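Q: Take a look at the following structure, please.
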Amino acid sequence: MARIRLAKFLADAGLASRRKAEDLIRQGRVSVNYKVVTEIPTFVDPEKDIICVDGRRVKPSKKVYLLLNKPKGYVCTTAEGEKSIMKFVRMFAQRLYPVGRLDKDSEGLVILTNDGELAYRLTHPRFGVEKEYLVYVKPRADVATLKEAESKGAWSSDGKLRVKSIRLLRHQKDGSWLSVVSVAGKKRIVRRLLAKFGYKTKKLVRVRIGTIMDETLPPGRWRYLRRGELRSLFEIVGLKAHNNAPSNRHNP
């Protein structure tokens, strides 16, 4: 097998994203053939070299790609707990990670995988992967203010809050439904940006990740990503797609 970067191997094994894998290497927590390595890049042969993190051997694991419809009230964390989305996928032996988090009050689509490289590229803004949200705000929104929010954004303590687009879909009672598309990864960016322009978010649902949509997946349920969906995601972020994705299966 061809030699690959150690950080990529760790990411592919689902241990961490490639960036966090590099941190593990710098911290001296990774050994190759029983010798600690801290140099980046370090190259390894996964079929011949013995690679350990914190003294435990790391072996390539079968890749898992899931789509979950996160219900409101759950958090996107890998820690097991009553309100962690991991309770919905605890039957998997692989260590899965949520790709792009939704806060506790939000709901909608979340990808879970042990493919660290794909997770990294789907969430890093430079790859430009769109996430679309349906958002209900109060008071009623007006087009001029939404255009200003879209074109100018707003400053916050962690920098500029910007999204790709904001569209008014319809008014409902004393509020409005919006479509918001973002490629940034800032925490609660949609809620915070809209708040800067006087709108309180009452409901937020992620309905699309890249090209992935599913209006039929019930809250709290997951399914495997289909081969065509995976090929599309890999193409968007410039990776070669795997052919081992399960077909259209749902959780029981």
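Q: Quick one: give the max-minus-min coordinate of the C-alpha atoms of region 169-240 along each principal axis, largest first, in Å.
A: Taking the Cα atoms of region 169-240, the three principal extents are 45, 26, 21 Å.
Q: What ³J(HN,Hα) values, in whole Hz, does the Karplus curve 6.51 cos²θ - 1.76 cosθ + 1.60 give for region 140-146 when θ = phi - 60°, with x put for Gly and Pro?
A: Here the 3J(HN,Hα) series is 4, 8, 10, 4, 4, 5, 5 Hz.
Q: Hey, another quick one. Report the convex hull volume per residue for region 4-57, counting only C-alpha atoms, in Å³.
A: Working: hull volume 3.5 nm³, N = 54.
Per residue, the Cα convex hull of region 4-57 comes to 64 Å³.
Q: Normalised by the residues of region 142-187, what does the relative contact order come to in percent, with Cα pairs under 8 Å and at least six apart? Please report the intermediate quantities before stating the final value.
A: Numbers: 56 pairs, mean separation 13.8, N = 46.
This gives 30 percent for region 142-187.
Q: Here's another thing I want to ask about it. What percent does the relative contact order of region 1-146 come to when contacts are Cα pairs within less than 8 Å and at least six residues apart?
A: On the way: 240 pairs, mean separation 34.1, N = 146.
23 percent.
Q: Cα-based Rg of region 1-112 per 2.2 N^0.38 Å, rounded to two decimals? Before the final figure, lay out each step's value.
A: Details: Rg = 16.1 Å, N = 112, 2.2 N^0.38 = 13.2 Å.
Working it through for region 1-112, the quotient is 1.22.
Q: Further question: Please list the non-local residues whose amide H lies under 5 Å from the amide H of R3, H modeled 1.01 Å from N, same-chain partners needing a gap of 5 or more.
A: When sequence neighbours closer than 5 places are left aside, there are no close amide H contacts.
Q: Give or take rounding to whole Å, what are the principal axis extents of the alpha carbon atoms in region 130-209, in descending order?
A: 34, 25, 19
Q: Let me ask something else. Given H placed on each backbone N at 1.01 Å, which residues far from T77 in sequence or on other chains put an amide H within less than 5 Å of it?
A: Close amide H contacts, sequence-distant or interchain: I85, M86.
Q: If you don't mind, another one. Remind me, relative contact order of the chain in percent, using alpha carbon pairs under 8 angstrom and six or more residues apart?
A: Values: 524 pairs, mean separation 46.8, N = 252.
Relative CO of the chain lands at 19 percent.
Q: Using each residue's phi in region 215-232, evaluate 6.51 cos²θ - 1.76 cosθ + 1.60 at θ = phi - 60° and report the 3J(HN,Hα) Karplus result to the nearest Hz, with x for Gly and Pro.
A: So the Karplus estimates, Gly and Pro as x, are 7, 9, 7, x, x, x, 10, 10, 8, 6, 5, 6, 4, x, 5, 5, 4, 5 Hz.
Q: Under the rule of at least 5 residues apart or a separate chain, name every residue whose amide H is placed under 5 Å from the amide H of V64.
A: When sequence neighbours closer than 5 places are left aside, the close amide H contacts are N114, D115.
Q: Next up: Rounded to the nearest 5, what is the percent of antiparallel bridges among the DSSP beta bridges in the chain?
A: Numbers: 48 of 51 bridges.
Antiparallel bridges make up about 95 percent of those DSSP assigns within the chain.
Q: Give, to the nearest whole percent, the P(r) tail of the chain beyond 27 angstrom, counting all Cα pairs.
A: On the way: 13666 of 31626 pairs.
Summing the P(r) tail past 27 Å for the chain gives 43 percent.
Q: Let me ask another. So what are the ³J(HN,Hα) numbers for region 95-101, from phi and the Karplus equation (6.51, -1.76, 1.60; θ = phi - 60°), rounded to whole Hz, Gly and Pro as x?
A: Listing the rounded values in order: 7, 9, 10, x, 9, x, 8 Hz.
Q: Out of L239, L194, L118, any idea which swings most in a Gaussian network model of the chain, alpha carbons joined below 10 Å?
A: L239
Taken together, the values in this text are just the output of simple stated rules run on the coordinates, not laboratory data. Treat the numbers as computed from the prediction; the structure is a model and nothing was measured.
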